[in-house]
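Only the coordinates and a few stated rules stand behind these numbers; no lab work does. Worth saying up front: this structure is predicted, and the values here are computed from it rather than measured. Counting neighbours? That spans all protein chains shown, and the Cβs are built from the backbone with ideal geometry, glycine included.
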Amino acid sequence: MCKKTISVLLCVLLAAMCLLPAAAACEATAAAPAGFGEYDHVFIIGVDGAGSYFSRAETPNFDRIFASGAVDYTARAETITTSAQNWGAILTGVSYLQHGLTNEIAGGTERASDTQYPSIFSYARKAFPEAELASFVNWNPINYGIIENDIGVTKVNVTDDAALTDAICAYFDEGNAPKLFFVQFDSVDHVGHDVGSNAPEYVSQIETVDGYLGSVYDSIARNGLMENGLFIVVADHGHVPNGGHGGITMRETNVTLAVAGKNVVSGGKMDKNTRNRDVSAIALYALGIERPDYMTSRLPADLFTGVKGELRNRKNDIGDTILSMLAWIVTLFTKWI
Ligand SMILES: [Zn+2]
């Protein structure tokens with residue numbers, strides 16, 4: 001009797017062991033979350049120094065591109081509102097405390113893929129070894145010191161936003177179809193430094209860049225790439241009233257993040273915890289690339305239809321968590337100075 005019971009138990013155990021791999025496999029092949037990997041192309045258009053000011057400018061192109069998209073004017077920048085800290089975070093999915101990039105480092109140290117916190121271009125390259133990947137920038141340190149130089153990314157540097165736009169349109173009209181595409185316009189930041197965010201010239205420069213956005217979007221769309229394309233506009237930081245940035249006032253830390261694509265929530269506003277660094281999570285998700293655990297970038301709520309917002313993995317970066325909370329409290333007191 002006892003032996004029989006043991007035999008039965010062994011049989012049950014064996015059966016369970018046989019079933020386990022099947023169950024695990026079943027989990028692994030369970031339906032992917034909505035929107036995961038549903039895009040063939042992700043286009044990230046960065047507007048340096050524009051902060052949240054798209055909301056204050058006349059931007060007919062931005063408005064038509066995101067008419068059925070999700071727009072957040074209060075996405076939060078890194079606690080240090082400087083360009084490399086923010087473009088670094090946007091492209092690597094970690095805070096500036098972790099990626100360690102400054103304008104000086106990005107401008108002076110050529111980046112390779114053996115870095116601890118690679119950019120999303122590295123992940124795209126691993127996932128799609130043969131794919132076209134491209135980055136067109138006005139401010140060269142992004143291409144030199146933030147996006148890796150040994151992974152076959154097409155890189156173009158043009159230090160004039162109008163000429164940069166022409167180069168981008170020509171690139172798409174030549175039939176290029178990049179999986180991941182990054183642009184950085186720099187003219188708004190220049191005007192911001194010269195006259196400050198209270199000046200009408202600053203807002204009118206955003207309106208000029210709105211024309212460039214329209215041209216870039218149209219060149220992508222007329223070449224058929226928006227049918228399965230995700231189009232993102234993001235800013236790294238804003239400007240104080242008299243010009244300049246680096247601090248934690250609302251004008252510097254509140255930035256525009258706008259997303260358009262086939263399953264983006266029309267009229268979505270994302271959630272109050274959205275940060276510009278979340279662009280990296282959004283891009284990887286859209287291309288169907290698993291996000292590494294160390295990243296503190298995450299999917300906002302109210303962005304992709306049927307997709308819940310994720311919690312930020314704050315324990316991965318306690319320093320950033322504490323600094324961000326302190327900065328947020330200080331920012332509240334600065335109001336909209
Ligand atoms: Zn600047």
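Points to keep in mind about this one:
- Relative packing of peptides 160-169, 48-57 - highest average C-beta neighbours within 10 Å first: 48-57, 160-169
- With the cut-off at under 11 Å, measuring from each backbone N in the stretch 253-286 to a point 7 Å along the Cα-to-Cβ line of Arg64 picks out no residue.
- Each Lys or Arg adds one and each Asp or Glu takes one away; over the other residues whose Cβ falls under 15 Å from the Cβ of Val195, this sums to -2.
- If R0 equals 35 Å, the separation of the Cβ atoms of Gln116 and Thr305 corresponds to a calculated FRET efficiency of about 0.50.
- Positive end of the dipole of the chain (Cβ unit charges, origin at the Cα centre): among Ile318, Phe43, Gly108, the Cα lying farthest that way belongs to Ile318.
- Estimated dipole of the stretch 68-203 in Debye, rounded to 20 [Cβ of Lys and Arg +1, of Asp and Glu -1, Cα centre]: 520
- Residue-averaged [θ]222 nm for the chain, counting only DSSP H segments that reach four residues, each worth -39500 (n - 2.57): -12500 deg cm²/dmol
- Once the C-beta distance of Glu132 and Thr109 is scaled by a Förster radius of 25 Å, the resulting FRET efficiency is 0.45 to the nearest 0.05.
- Taking 0.36 nm per residue of separation and subtracting the Cα-Cα distance, full extension of the segment from Thr334 to Asp293 would add 11.3 nm.
- Among beta bridges that DSSP assigns inside the chain, antiparallel share in %, nearest 5: 30
- Separation in nanometres of the label points that stand 7 Å from Cα toward Cβ, at Ala162 and Asn198: 3.0
- Protection-proxy order for peptides 216-228, 82-94, 187-199, each taking the mean of Cβ atoms within 10 Å per residue, highest first: 82-94, 187-199, 216-228
- The stretch between His190 and Asn263 holds 22.8 nm of extra length on full extension. This uses 0.36 nm per residue minus the Cα-Cα distance.
- Given Lys155/Lys179; Lys262/Lys308; Lys155/Lys262, the pairs whose alpha carbons are separated by over 26 Å: Lys155/Lys262
- Charge sum, other residues only, whose C-beta stays under 11 Å from Arg64's C-beta, Lys/Arg counted +1 and Asp/Glu -1: -3
- With the simple model of a label 7 Å out from the Cα in the direction of the Cβ, Thr154 to Lys315 spans 4.4 nm.
- For the chain, dividing the convex hull volume of the Cα atoms by the residue count gives 155 Å³ per residue.
- Arranged from fewest to most other beta-carbon atoms within 10 Å of their beta carbon, Arg312, Arg64, Arg277 become Arg64, Arg312, Arg277.
- Debye, to nearest 20: dipole size of the stretch 38-334, +1 on Lys, Arg Cβ, -1 on Asp, Glu Cβ: 1060
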